[in-house]
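A short worksheet on the structure shown next.
The values are calculated or read from the model by the stated rules, or taken from the named source; none is laboratory data. Bear in mind that the values here come from a model prediction, so they are computed numbers and not experimental data. Cβ atoms come from the backbone with ideal geometry, glycine included; neighbour counts cover every protein chain shown.
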Amino acid sequence: MSPSIAAHPDRLLPADPRTREIARGLLSRVQDLPIISPHGHVDAAVIERNTPFPDPAELLVAPDHYVTRLIHASGVPMEQLQGGNPQGARGVWRRFVEAWPLFEGTASGYWLRTQFEQVFKLGAELSELSADASYDAISARLVEPDFRPRQLFKDFNIEVLATTDDPLDSLDSHAALAADPSFNGRVLPTFRPDAYINIANPSWASNVERLIETAADGATGYGGYIAALENRRRYFVDHGAVSADHGVRTPATLKLDDADAEALFEKARAGQATAADRDAFEAHMMYQMARMSVEDGLVMTIHPGSYRNHHGPTFEAFGADTGHDIPFAVNYTEAIRPLLQDFGTAKDFHLVLFTLDETVFSRELAPLAGFYPSVYIGAPWWFLDAPDAMLRFRSAVTETAGFSRSSGFIDDTRAFCSIPARHDTSRRIEAAFLARLVAEHRVSEDRAHELIVDVVDSSPRRVFKL
Amino acid sequence: MSPSIAAHPDRLLPADPRTREIARGLLSRVQDLPIISPHGHVDAAVIERNTPFPDPAELLVAPDHYVTRLIHASGVPMEQLQGGNPQGARGVWRRFVEAWPLFEGTASGYWLRTQFEQVFKLGAELSELSADASYDAISARLVEPDFRPRQLFKDFNIEVLATTDDPLDSLDSHAALAADPSFNGRVLPTFRPDAYINIANPSWASNVERLIETAADGATGYGGYIAALENRRRYFVDHGAVSADHGVRTPATLKLDDADAEALFEKARAGQATAADRDAFEAHMMYQMARMSVEDGLVMTIHPGSYRNHHGPTFEAFGADTGHDIPFAVNYTEAIRPLLQDFGTAKDFHLVLFTLDETVFSRELAPLAGFYPSVYIGAPWWFLDAPDAMLRFRSAVTETAGFSRSSGFIDDTRAFCSIPARHDTSRRIEAAFLARLVAEHRVSEDRAHELIVDVVDSSPRRVFKL
Amino acid sequence: MSPSIAAHPDRLLPADPRTREIARGLLSRVQDLPIISPHGHVDAAVIERNTPFPDPAELLVAPDHYVTRLIHASGVPMEQLQGGNPQGARGVWRRFVEAWPLFEGTASGYWLRTQFEQVFKLGAELSELSADASYDAISARLVEPDFRPRQLFKDFNIEVLATTDDPLDSLDSHAALAADPSFNGRVLPTFRPDAYINIANPSWASNVERLIETAADGATGYGGYIAALENRRRYFVDHGAVSADHGVRTPATLKLDDADAEALFEKARAGQATAADRDAFEAHMMYQMARMSVEDGLVMTIHPGSYRNHHGPTFEAFGADTGHDIPFAVNYTEAIRPLLQDFGTAKDFHLVLFTLDETVFSRELAPLAGFYPSVYIGAPWWFLDAPDAMLRFRSAVTETAGFSRSSGFIDDTRAFCSIPARHDTSRRIEAAFLARLVAEHRVSEDRAHELIVDVVDSSPRRVFKL
């Protein structure tokens, strides 16, 4: 009997036998390296408190919009997956198991299958007939004493894990972990000020009021707003943060003078801003965030190009992050120019540009990162965080920018148990890509062995200043 | 001597020996399945009347704009291919045979060569020296008594063939075929109302007048227009139609209230509509068509993004569909949102989104179809209906949306004799793609055997409600 | 010990053994064919005067913006590479050798390594430890008596080399070479009028004044401007030019009547033109350039879509062509239509459309070139002139347009010593692509042997009228 695909030592490696052999050698160089995760959405408190994981549905299905979206597409109403299931967690799990065959060939399916086998030690494929059995088996694993966040952090060989945090977060969990001599990992906060920058956010005005009250050292208005952001960034730096992350609508940047920026700010506070004002203010604030990054050293990461909450009725009933953020085309070349004019060659400034629009990889990001010392190409993200998409990414950027100008893998996940599978996928794909270059005599095998270590291990440390 | 490439059992399968072996096994599962053709342009009357095929030029060259366009590009004036050839059909054929080497590597060349060998039983490659001999050989085949549409329909193993029809078509041929006990296939009409929706069409006003007179049950104006469309859709449903097809300029959709829609409608009837009015009215009508589909169950298919009749002088001399419809970039995410807001989760609504702009596959269509139960990703179409393009399509969409969210192959052809070659191409490419996933241990071989049957056979039945 | 990758006979060929074997056979058909270079930036005077090459840094690093850009991205200030290096040429070379590992996997790295081994006969890989030794070795080669432009022209087996020239250039070097019986190559000028067409160029007005004074036969104003351009094109034709090249912002074309064009022209001369005027005038002039090409037979080539001099401070300090021209998205379908309406089927008109935006290859360029006899798809250019990008190009265009509708390779280089490596790369990739089609039974091996000769040798001769 052939081994499970999730356990096959050659999974994701190229089919050609000689290329596969080269890939195996490359993979062996990085397979046991620690995990560096410089961008993600795990909750630091869960690690600090070593909170036991909830039931299988709550852990693996309900909060993972990669997973719920495809079940939803198959015709299962969202309430069946979001607490409105009359059979509770077990009912949610049954809907998931019924939909499981639909995940064949998807990135999520691959990560899940790997978790089932390697983290939860399920012996058999999921099937409708044994939905309850798999629920019970995972549940049993979840209550094992060694199945707790801190032990898994160690078992997963995680060295650095960055979280994503509100600028007003106390960062107490991060501080506690840093102070705890029994915990050896690094759990770092990330400054994520979207809710204080996007004036179309319904709670923007109250967020900003709170921000100024809390952190502006008595200053008010636009000046207080800027000062408070600077202060909170400093607070994050003091708590170990290495980066500030920005989920923006587009990559636009804009340098406004203070008077114009202040006028926009006050117009927004008065609830009178237009859609164009929203875009202008966000663009201006990206310029300001770059200025602050130049000053305080936080790596700046930009994630544009997602139409958030595309389906109004689902958003109204179930809130954000429920699987209907849909990408659209972006253009970086003109949009990012105002920022790069002033900061593109600033000392020690690091700017990581992500995209959900693959067309910009070869057309814009590789050319930009191949000139500006500050610019790094963000690894394939979200819908593009998958084997074929990663290979397309490397093919699109390497011939212009080489291997030194990309960010290294980010898992971007809130699904803690999927972290090893995601990093393993990335390492296998890097091995697959490099093995092809070796087989085609474009890179020597010796150099490829150095490059894969650089890409997997040194790149994220260098780019994220770890 | 090596076998002809058109006859080679491994044609289009991956070169790697182990992957090819897997692909052969997968292909064998679907090679003999009946052909399901849910969207195409064959004339139902030709099948009903069992009309003999015309001469080789009229059958294979003149009406096929995939073919004439490349001959034209080589410098042959269009009149040489369109009835203005002084040597008649034989002269058209000679131009084609002279240009035949230019088709090397093209999808059309592949389909044609396959037809020559498998349908017309030519023993040798086309060559200029034997142009007349090939003309004669095909002509002889065309007058054989078994070389008639109904026999070929059976020989080709076609189970379902959808035609594309004017909303005011009587559908008599479809009715006659359905009533004919000697004919076992299903020939279904498709509702295609473009000429009644695109107000820039010079005959729009007279088309609409005729539509209202014929089908509005006495109602007039915009109300009569809408009622007539609803009535004719119902008539199509009653004659077996399963889908309504829309060749639109862009994917824009728009919900206008009745008064605004009526005002636009009357402005257009008065010949005073602007280009913006044209776009707004089409966008509004797509919203209306979706509403009607929700009500009457017709699958809605959208084909946007082609600049029709790009070369004015050729259009003026030779009319539409003469090879110079040229694709342009489209964006679905924002454009389709008004429609999806209201109908994206409507019960049993099926919306198939096609594109000639490959960039939207991974960026927009897979994410949309991976959330909305109504949305299916249209198979690669027209210029993208070719081996490499199909592989790029599968690679672009599968990691996000799996195999269950795409439409299944459509041949979209008016070239009846090319139908088997086109479906065979698609099946081979599905086998090639899945075989790679198996070889890379991303899908098990057993599951791949199920998936290829699902993709080739079950998908079109499910998506098109057959 | 394995051979150097730059010397490996199978470099860039596909890994699959059977496909590689086919590729070897195909490559052998074209490996020794002469180099046809119909578009590039070598200085004719250097060949005419047989000028010795300068030092290694000045020859291989400083003027090559492909090379300096990636060194700059690694953090080396531009002045270190541009004459401001306190250690002079040797210092520039050291910076380059330090950065050399960053070129792994890039197209530039591949060309450079090939030159080092095959042209400069370096026996070992570059390394920091031996930076001075490699500088000395190359320097020694540069002063060898046979290491001069004319001998290399012969050694490189160059048959035709087109330069790029200012419309007012005397073309004396071209004339001298043509008249020199001791020189057997063809060195052809190319008419490049950008500086006389782009009204945003700061020296446009003075350029135009000089043009009219010199070449308008006494005519003045817009009429004199057009006449002077026509006259200078004729002068270029008389000196052997076969093409006119246009580096434009976008592919837009526009037919203005004379009065409107004249008004724009005078507005620009008065320094009052807006950005919209700039675009309109350039679009109009592209229409005029096509009209002239129809009349005088010069092949028209268009290179749009690069945001020139993206980083203002670098441009101000170091001038143009210093590595920060960044591509952006373009759309040809609507933009090029006014030109094609009138000239798309004009007798003997050749229009080669280049792009830095890969998305237009399958979506627009292949469909356009597959209909219009005048349109040819420009080979992958600049950032896309690399192995994987070239394979993507062939895959994107061939299924629609076959092999006859693309331009053939252009090296577009000012780096004379890189010409053989660049053409060798292209030939290997053509062999790789065709070998895959053969292995997949899509093209017969015999036909592939004809096609590769056609693509490498006949295409550039046919398209560029050589």
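Listed conditions (1) part of a loop (DSSP other than H, G, I, E, B); (2) out of contact with any helix residue (DSSP H, G or I) (no Cβ under 6 Å at 6 or more places or on another chain) are all met by C:G25, apart from (1).
Within segment B:299-327, the set of residues being in a loop (DSSP other than H, G, I, E, B) and over 25 Å from B:Q288 (Cα atoms) comprises B:N309, B:H310, B:H311, B:G319, B:A320, B:D321, B:T322, B:G323, B:H324, B:D325. Within segment B:93-124, restricting attention to residues that are within 8 Å of chain C (Cβ to nearest Cβ) and touching a residue at least 12 places away in the same chain (Cβ under 8 Å), which residue is nearest to the chain's Cα centre (by Cα)? Among those residues, the one meeting the criterion is B:A107. With respect to the conditions (1) at the interface with chain B (Cβ under 10 Å from one of its Cβ atoms); (2) outside any helix (DSSP H, G or I), A:F53 lacks only one, and its number is (1). Across segment C:161-171, a minimum of one residue is classified as touching a residue at least 40 places away in the same chain (Cβ under 8 Å), among the acidic types (D, E) and in the same structural domain as C:S243 (by TED's automatic domain parsing). Considering every residue within segment B:284-305, establish whether at least one is among the basic types (K, R) and within 30 Å of C:A346 (Cβ to Cβ). Scanning segment B:284-305 turns up no residue that is among the basic types (K, R) and within 30 Å of C:A346 (Cβ to Cβ).
Could you look through segment A:1-22, keep only residues that are in a helix (DSSP H, G or I) and not acidic (D, E), and pick out the one that is surrounded by the fewest Cβ atoms within 10 Å (Cβ to Cβ)? Looking at residues that are in a helix (DSSP H, G or I) and not acidic (D, E), I get A:P17.
Considering only segment B:215-254, state which residues are in contact (Cβ under 8 Å) with a residue 24 or more places away in the chain, over 20 Å from B:D296 (Cα atoms) and out of contact with any helix residue (DSSP H, G or I) (no Cβ under 6 Å at 6 or more places or on another chain). B:G221, B:R249, B:T250, B:P251, listed by residue number.
Among the residues making up segment A:78-112, those that are β-branched (V, I, T) and under 18 Å from A:S130 (Cα atoms) are A:V92, A:V97.
To keep it simple, each residue is scored yes or no on (1) more than 25 Å from the chain's Cα centre (by Cα); (2) away from every other protein chain (no Cβ under 14 Å); (3) at pLDDT 95 or above.
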residue: B:A270; (1), (2), (3): yes, yes, yes
residue: B:R291; (1), (2), (3): no, yes, yes
residue: B:G297; (1), (2), (3): no, yes, yes
residue: B:H303; (1), (2), (3): no, yes, yes
residue: B:Y307; (1), (2), (3): no, no, yes
residue: B:F315; (1), (2), (3): no, no, yes
residue: B:H324; (1), (2), (3): no, no, yes
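Each residue in segment C:381-392 was checked for being more than 10 Å from chain A (Cβ to nearest Cβ) and not hydrophobic (A, V, I, L, M, F, W, C), and 0 of them qualify.
As a summary of the residue check, B:S395 satisfies the conditions (1) closer than 27 Å to B:W111 by Cβ; (2) small (G, A, S); (3) buried (at least 24 other Cβ atoms within 10 Å of the Cβ); (4) at the interface with another protein chain (Cβ under 8 Å from one of its Cβ atoms) except for the one numbered (3). Under 7 Å between Cβ atoms, which residue pairs at least 6 apart in sequence (or on different chains) link something in segment B:137-151 that is assigned to a helix (DSSP H, G or I) with a partner that is among the β-branched types (V, I, T)? Correct list of pairs: B:P149/B:V46; B:P149/B:I47; B:P149/B:T51; B:R150/B:I47.
Residues in segment A:77-92 that are touching a residue at least 12 places away in the same chain (Cβ under 8 Å) and part of a loop (DSSP other than H, G, I, E, B): 2 in all.
A count restricted to segment A:183-228 and to residues that are within 13 Å of A:F281 (Cβ to Cβ) and of a type outside the set (F, W, Y) stands at 10. Taken together, the residues in segment C:404-441 that are part of a loop (DSSP other than H, G, I, E, B), crowded, with 24+ Cβ neighbours inside 10 Å and not small (G, A, S) amount to 4. Here B:Y332 fits the description: more than 14 Å from chain C (Cβ to nearest Cβ) and assigned to a loop (DSSP other than H, G, I, E, B). The requirement of being more than 14 Å from chain A (Cβ to nearest Cβ), part of a helix (DSSP H, G or I) and either within 16 Å of the chain's Cα centre (by Cα) or of a type in the set (F, W, Y) (or both) is not satisfied by C:H449.
So, in segment A:328-367, exactly how many residues are in contact (Cβ under 8 Å) with a residue 40 or more places away in the chain and touching an Asp or Glu at 6+ places or on another chain (Cβ under 6 Å)? Summing the residues that are in contact (Cβ under 8 Å) with a residue 40 or more places away in the chain and touching an Asp or Glu at 6+ places or on another chain (Cβ under 6 Å) in segment A:328-367 gives 2.
Within segment A:298-321, the residues that satisfy the criterion of being out of contact with any Leu (no Cβ under 9 Å at 6 or more places or on another chain) and closer than 22 Å to A:P380 by Cα are A:L298, A:Y307, A:R308, A:N309, A:D321. Among the residues of segment A:30-50, those identified as hydrophobic (A, V, I, L, M, F, W, C) and either assigned by TED's automatic domain parsing to the domain that holds A:A317 or not in a helix (DSSP H, G or I) (or both) are A:L33, A:I35, A:I36, A:V42.
Take the conditions in contact (Cβ under 8 Å) with a residue 12 or more places away in the chain, of a type in the set (K, R) and touching an Asp or Glu at 6+ places or on another chain (Cβ under 7 Å) and apply them to A:R405. Does it pass? Here the answer is no, as A:R405 does not meet what is asked. Hey, can you tell me all the residues within segment C:373-403 that are hydroxyl-bearing (S, T, Y) and in a loop (DSSP other than H, G, I, E, B)? If the condition is that a residue be hydroxyl-bearing (S, T, Y) and in a loop (DSSP other than H, G, I, E, B), then C:S374 is the only one that fits. Restricting A:S404, A:S444 to residues that are in contact with a Leu (Cβ under 6 Å, 6 or more places away or on another chain), among the hydroxyl-bearing types (S, T, Y) and assigned by TED's automatic domain parsing to the domain that holds A:L340 narrows the list to A:S404. Within segment B:63-76, not a single residue is within 25 Å of the chain's Cα centre (by Cα), aliphatic (A, V, I, L, M) and outside any helix (DSSP H, G or I).
Matching residues to (1) crowded, with 24+ Cβ neighbours inside 10 Å; (2) of a type outside the set (G, A, S); (3) more than 7 Å from every other protein chain (Cβ to nearest Cβ); (4) within 30 Å of C:D296 (Cα to Cα):
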| position | (1), (2), (3), (4) |
| --- | --- |
| C:D348 | no, yes, yes, yes |
| C:F354 | yes, yes, yes, yes |
| C:A369 | yes, no, no, yes |
| C:Y372 | yes, yes, no, yes |
| C:T400 | yes, yes, no, no |
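Of the residues in segment C:308-324, not one is assigned by TED's automatic domain parsing to the domain that holds C:F361, touching a strand residue (DSSP E or B) at 6+ places or on another chain (Cβ under 6 Å) and on the phi > 0 side of the Ramachandran plot.
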